[in-house]
Amino acid sequence: LIGSFFIFLMAFTWCLIGELTQNLQTPGTKQYYPKTMFITYLTGCAPILLLLPWLIWRLYGVATNKWLPAERSLNLKKEKFYAKWAPLMMLVVFCCNYTWFLSLKHTLVSVNSIIYNCISVEVFIGSIPILNEGVSLLKIFAVLISIVGVIVIVLFDSNADSGQISSTWYGYVLLLVSLSFYCAQEVGYKVLVNKAGELMLSAEERVLLMGSTRRVDPDRHRSKSEDEFVPTLGIHHDEDDYLEEALIAEKENEESNIGKFMYSSMFLGIVAICNACFVIWLVVIWNYAGWEKFEWPNRDQTQLLLLNCLLGLVLILSIFSATAFTSPLVVSVGSLLVMPISMFFDWLFHDTIPYAAEWAGIVLITSGFVCIFIAKEYNSRYIVKPSHPTTLQKFLYTILHEKHFFTKRKVSSTTEWYEDDKRRLAF
């Protein structure tokens with residue numbers, strides 16, 4: 001549910017950015033500002049503000065003594081891991097945004113929309129080998145009907161092309177390059193989230209966590225013998241200790257939601273700092289090379305640029321948070337909700353009534369998102385094939401059953417490694 005909230009926030013913000021920044025790309029308007037490199041630079045610097053909530057969260061944990069020494073060391077290790085990969089992610093995000101801005105000037109709006117909104121196919125294909133994404137009939141069906149819905153909406157949109165933009169082959173090359181970087185951005189960040197989770201569950205850190213979080217009440221279970229314990233690497237492991245470890249694991253799971261959001265904020269803030277330090281030199285080079293002469297924006301342009309930066313901050317935070325809470329496939333299909341929401345904005349601000357075919361496209365896109373959500377939440381892990389299945393059970397098992405082409409060992413829950421350590425450490 002949290003991931004769905006960020007997906008809807010992403011789609012809503014994306015539409016607002018499209019409505020408010022049209023004048024930046026439209027010649028003849030008061031806010032026209034064709035400085036693609038500088039716009040990309042400003043948009044990339046805005047997430048620096050996201051370091052503020054993360055800093056407040058960290059100071060709150062220190063002030064209230066919320067984290068024990070072992071937990072603080074684990075948090076620090078996780079932060080160092082994210083910071084190490086921030087420059088590479090900055091490069092990916094910058095290339096994605098810059099090539100897309102350039103493609104807008106050299107592609108038809110309708111074709112640009114169709115190609116860019118087919119990102120879910122590329123993300124799906126990329127997630128299979130990299131994230132070991134399961135393939136099911138329902139997922140394939142969800143992606144296909146979503147793409148069909150996009151094509152139907154764009155083809156029947158009478159206002160899609162203004163006739164002022166010509167189509168060139170290198171414009172579509174730039175668009176495909178932007179798609180590849182966008183796919184790398186989503187899939188790559190999910191890989192980082194998974195790797196960071198594995199760091200939290202490494203064997204040495206688990207032993208450290210269990211050895212520094214003993215808060216056993218001596219009055220609990222007083223009737224039991226205090227000498228009953230299992231000698232495990234010098235750590236006292238009685239029944240109360242195991243109960244305390246289970247409570248710690250439960251607490252870790254409860255705090256994982258706020259932790260995912262805060263680490264997304266921290267990571268994007270570090271990415272923005274890298275952007276501020278390195279991309280500014282590209283703005284200078286572009287200016288002296290004559291590729292994009294720098295001009296200070298006027299008052300109207302400045303207001304629109306600042307508003308665009310704030311909305312871009314919300315957008316990228318929504319994308320990364322939704323990826324952390326769900327998966328790149330769900331986020332890419334959910335991003336297609338931009339089209340029905342943008343049609344609502346067209347009706348609200350421009351008095352444009354959708355055609356019947358466009359309503360059909362809205363239904364297809366929404367149905368695709370619902371199907372992909374069902375496929376992720378109620379897949380074959382929760383469906384046991386019965387010995388004597390009914391027709392409905394056969395159908396559900398067939399469409400929800402996932403095929404994993406790249407199997408790899410991973411720890412799926414805190415309880416599993418807790419039980420593994422209990423067996424491994426006991427003599």
List, in the order given, every pair from 105/293; 78/190; 35/84; 190/376; 77/190; 84/376 whose Cα-Cα distance in the structure shown is over 20 Å.
35/84; 84/376
Stretched fully, the stretch from residue 277 through residue 59 gains (0.36 nm per residue minus C-alpha distance, one decimal, in nm) 75.9 nm
Most exposed first, judged by fewest Cβ atoms within 10 angstrom, 402, 295, 186 run 295, 402, 186
Ordered by fewest other Cβ atoms within 10 Å, a rough proxy for footprinting exposure, 169, 100 read 169, 100
Could you calculate the contour length gain from residue 2 to residue 20, that is, 0.36 nm times the residue separation minus the distance between their Cα atoms, to one decimal place in nm?
3.8 nm
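Sort 299, 58 so the one with the fewest other Cβ atoms within 10 Å of its own Cβ comes first.
Going from least to most buried by this count: 299, 58.
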Can you work out the FRET efficiency for the pair residue 395 and residue 32, with r the C-beta to C-beta distance and R0 = 60 Å, to the nearest 0.05?
0.60
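Just order 270-281, 6-17 by mean Cβ neighbour count inside 10 Å, highest at the front, would you?
Going from most to least packed, we get 6-17, 270-281.
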What's the extension gain from residue 77 to residue 173 if we count 0.36 nm per residue and subtract their Cα-Cα distance?
30.6 nm
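A short reminder: the numbers here are calculations on the coordinates, not readings from a lab. From a predicted model like this one, the values you see are computed outputs, not experimental measurements. A quick note on method: Cβ atoms are made from the backbone with ideal geometry, for glycine too, and the neighbour counts reach across all protein chains shown.
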